[in-house]
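Below: the structure, in structure tokens.
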Amino acid sequence: MIPPKANAQFVYYMEDVLDVDTRPYDPLHPSVCFDESSKQRVAETQLPLPAKPGQPERYDYEYERNGVSNLFMFFEPLGAWRHVEVTDQRTAIDYAQQMKYLVDERYPDAILITVIHDQLNTHVPASLYKAFEPNEAKRILDKLEFHYTPKHGS
């Protein structure tokens, strides 16, 4: 059973996100979802078996691990737009760079950009102050409105 306090927090965050999702499309106030995921980089170690009549090309599942990459992804459902950037890591500074891209390059004319994302420890305004001078961090943050998905619910 979920403790009442935890359940109330989940409901609050979920209702908040659902309220954002019901907003009409406004290019001056876009709503954007943001997330990241680490992915293993692999290289094939064996050549595929060639196709033959009635049989497709076949691959063995053996591979060589070549490290990990991070994928940052923005998605604007109402604007039919998405953007993926591959990085070597996902630090607070990397997150701040993504928010700067959103404000300065993707939506330079927007009045306010709503960003929906999870509650990862780097998804906080302090990350921008870690990456940029205070005036620059504030300039970027003044154009962003954050909404968070429930913990364990994104």
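Throughout, read-outs are computed from the coordinates displayed, never taken from laboratory work. None of the values given here were measured: they were computed from a predicted structure. Quick reminder, even Gly has a Cβ in these numbers, built from the backbone with ideal geometry, and neighbours come from all protein chains shown.
Considering only Lys138, Lys130, Lys52, the mean-square fluctuation computed in a Gaussian network model of the chain, springs between alpha carbons under 10 angstrom, is largest for Lys52. In this Cβ point-charge picture (+1 for Lys and Arg, -1 for Asp and Glu), the range 33-103 has a dipole of about 80 debye about its Cα centre.
Look at the dipole of the chain built from charges on Cβ: of Tyr107, Leu141, Ala43, the Cα furthest out on the positive end belongs to Ala43. Note on the chain: antiparallel DSSP beta bridges, both residues inside, total approximately 70 percent of the bridges counted. Helix 92-101 axis versus longest C-alpha principal axis of the chain: approximately 80°, rounded to the nearest ten. Between Leu102, Leu47, Leu18, the residue with the greatest mean-square fluctuation in the GNM of the chain (Cα pairs under 10 Å linked by springs) is Leu47. Compute the Kirkwood hydrodynamic radius of the chain, taking the inverse of the mean of 1/r over all pairs of distinct Cα atoms, and give it in Å to one decimal. Hydrodynamic radius (Kirkwood, Cα only) of the chain equals 18.2 Å. Local charge for His117 was computed over the other residues whose Cβ lies under 10 Å away, with Lys and Arg +1 and Asp and Glu -1, and equals -3. Listed by chain and number, the lysines whose alpha-carbon sits under 24 Å from that of Lys100, ignoring those within fewer than 8 places in the same chain, are Lys39, Lys130, Lys138, Lys143.
Treating the beta-carbon of each Lys and Arg as +1 and of each Asp and Glu as -1, no other charges, what is the dipole magnitude of the range 12-154 about its Cα centre, to the nearest 20 debye? Please list the in-between numbers first.
On the way: 15 positive and 24 negative charges, 51 e Å.
That gives the range 12-154 a dipole magnitude of about 240 debye.
Rounded, prolate or oblate, given the Cα gyration tensor of the range 12-59, with a/c below 1.5 counting as rounded? The shape class here is prolate. Hey, in the GNM for the chain with a 10 angstrom Cα cutoff, which one of Asp60, Asp104, Asp21 fluctuates hardest? Looking only at Asp60, Asp104, Asp21, the biggest GNM fluctuation is shown by Asp60.
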